[in-house]
Amino acid sequence: MAGTGTRAIILGTAQDGGFPQPGCKLPCCQRARSVEGISRTPVALGIVGSDGSSHIIEVGRHIGEQLEIWDKAVGFEWPLSSASLTHAHLGHTDGLRLLGREAIGSHGIILHCSKSMLSLIDENPTWRILVEQGVLVPKQWEGMVPFEPTPGCGFTITPIPVIHRAELSDNHAILVSGGESRLLFMPDQDSWEATLEGATIRDWLTSLDVDYALIDGTFWDSSELSGRDMSEIPHPTVCESIELLGKKESGDPDIAFFHLNHTNPLNDRDSEEFLTIGRMGWRVGEPGEVYDLG
Ligand SMILES: [Zn+2]
Ligand SMILES: [Zn+2]
């Protein structure tokens, strides 16, 4: 596969609980269980470097299904050379142990993440053993400092610090820069206010030179979780994001929402909400989509 440029593949688009979410008996998840092809696994991105090497962002419990999506889209080649983790929350890390001896039995996967994520791995015996057994080879990144996940892979990753409830670890968005184009992977953030520090979304994406942006679309609006305190799980709603963005203008990056909660009406392609964002020029990210980054 060498010589084709770097390609990124969307492997999952759901919030950490998945769609359907375990135990949910609301119409959202009953529908996801009965209609074929609409269930979704938590967010993850596959990247094939220009040298043919394989890299993943987030290692969730559905990595098996996700590798099948990857294989169907562009062909998946073992070994997995590197994995990068944005933060410690459930769906972003709960597949790490599948890489170990009890399952896949990998060896030497370079694990890129922040200092706080690495100390959590070190404090957690069920993760630390993966390092001790050589399954994972941890490498600490520094915010805003681009690096090649493995030498000669043909693309860089730039971790961008993004505020998101930090009970376990800090959080980063990840900018993937190929030879020609750049993709932003930003599944979680607390608020645009904290992320943008006074800039507009457009200014911020322009400053990062982003061509494609996968952004936090967890909730459609604040009425979505009746009975739960939304301040416990802060995210900007899609309504808020599209109000800040307005309609797509020429020169704007391609913006797709992902990390959708099971309750989000954007999970239904026939919903008024889905049609609304489409009319504005925005969209929902879909598993299997391939981005040619050159
Ligand atoms: Zn998440
Ligand atoms: Zn549901």
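Restricting attention to region 160-177 and to residues that are of a type outside the set (S, T, N, Q) and buried (at least 23 other Cβ atoms within 10 Å of the Cβ), the residue that is farthest from Gly108 (Cα to Cα) turns out to be His164. Set side by side, the residues Asp203, Asp221, Asp190 differ, and just one is surrounded by fewer than 20 Cβ atoms within 10 Å (Cβ to Cβ) and outside any loop (DSSP other than H, G, I, E, B), which is Asp203. For region 89-109, name all the residues that are within 16 Å of ligand 1 (Cβ to nearest atom), buried (at least 18 other Cβ atoms within 10 Å of the Cβ) and in a helix (DSSP H, G or I). Those that are within 16 Å of ligand 1 (Cβ to nearest atom), buried (at least 18 other Cβ atoms within 10 Å of the Cβ) and in a helix (DSSP H, G or I): Gly91, His92, Thr93, Leu96. Output the residues belonging to region 109-128 that are over 25 Å from Glu77 (Cα atoms) and not basic (Lys, Arg). The answer is Ser114, Ser116, Met117, Leu118, Ser119, Leu120, Ile121, Asp122, Glu123, Asn124, Pro125, Thr126. Of the strands (runs of 3 or more DSSP E) lying entirely inside region 14-88, the ones with 2 or more residues being within 15 Å of ligand 1 (Cβ to nearest atom) and at pLDDT 95 or above are found at 44-48.
Checked against (1) closer than 19 Å to Pro149 by Cα; (2) under 13 Å from the mean Cα position of the chain (by Cα), Ser54 passes all but condition (2). Among residues of region 15-36 that are under 16 Å from Asp94 (Cβ atoms), those with a Cβ under 9 angstrom from a residue that is away from ligand 1 (no atom under 16 Å from the Cβ) and open to solvent by 40 Å² or more (accessible area, probe 1.4 Å), sequence gap 6+ or separate chain, pair up as Gly18/Ser39; Phe19/Ser39.
Once region 20-56 is narrowed to residues that are touching a Gly at 6+ places or on another chain (Cβ under 6 Å) and among the polar types (S, T, N, Q), the residue that is surrounded by the most Cβ atoms within 10 Å (Cβ to Cβ) is Thr41. Summed over region 135-172, the residues that are within 21 Å of Ile201 (Cα to Cα) and assigned to a strand (DSSP E or B) give a count of 6. Give the residues of region 243-273 that are among the hydrophobic types (A, V, I, L, M, F, W, C) and crowded, with 18+ Cβ neighbours inside 10 Å, sorted by residue number. Within region 243-273, Leu245, Ile255, Ala256, Phe257, Phe258, Leu260, Leu266 qualify. Counting the residues of region 207-236 that are away from ligand 1 (no atom under 15 Å from the Cβ), modelled with pLDDT of 80 or more and of a type in the set (S, T, N, Q) gives 3. Remark: Ile9 falls outside the filter, which requires a residue to be within 16 Å of ligand 1 (Cβ to nearest atom) and open to solvent by less than 30 Å² (accessible area, probe 1.4 Å).
The values are calculated or read from the model by the stated rules, or taken from the named source; none is laboratory data. These numbers were taken from a predicted model, which means no experiment stands behind them. A quick note on method: Cβ atoms are made from the backbone with ideal geometry, for glycine too, and the neighbour counts reach across all protein chains shown. Keep in mind that these areas ignore ligands, DNA and RNA; they rest on the heavy atoms of the full protein, side chains included. Shrake-Rupley method; radii C 1.70, N 1.55, O 1.52, S 1.80 Å.
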